[in-house]
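Peer 1: Structure incoming, see below.
Bear in mind that the values in this text are calculations on the coordinates, not laboratory data. These figures come from a predicted structure and were not determined experimentally.
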Amino acid sequence: MRLLTLVELSSYNGRDGSPAYVAFRGLIYDVSASYYFRNGRHWIEHSAGCDLTEEIAKAPHTGSLLMQFPVVGKLALESEHD
């Protein structure tokens with residue numbers, strides 16, 4: 001499984017033709033096909049290219065919604081990635 005750091009994940013922000021990836025609980029999901037992540041933004045509050053673990057805990061829905069999207073990698077700690 002591909003490992004991405006937060007810095008690398010940030011380039012998958014769904015803008016200018018890049019895929020829209022988000023991390024949740026250590027896994028990275030490709031949400032490019034989501035109507036709600038058009039242009040890399042989910043409503044006004046959430047951006048693709050980020051770890052949304054803490055933000056989803058405050059959301060009106062659970063992270064289980066992400067499970068309908070493909071897992072494309074794992075979020076790496078900076079020390080795990082070379």
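Peer 1: Could you calculate the contour length gain from Asn39 to Lys74, that is, 0.36 nm times the residue separation minus the distance between their Cα atoms, to one decimal place in nm?
Peer 2: Extra length from Asn39 to Lys74 when fully extended: 10.3 nm.
Peer 1: Work out from phi, with θ = phi - 60° and the Karplus expression 6.51 cos²θ - 1.76 cosθ + 1.60, the ³J(HN,Hα) of each residue of the stretch 16-28, listed in order in whole Hz, and give x for Gly and Pro.
Peer 2: Along the stretch 16-28, the couplings run 6, x, 7, x, 9, 10, 9, 9, 8, 6, x, 9, 10 Hz.
Peer 1: Skipping prolines and chain starts, which residues have an amide H placed within reach, meaning under 5 Å, of the one on Ser32, given they are 5 or more residues away or on another chain?
Peer 2: Here the answer is Ala20, since their amide H atoms fall under 5 Å of that of Ser32.
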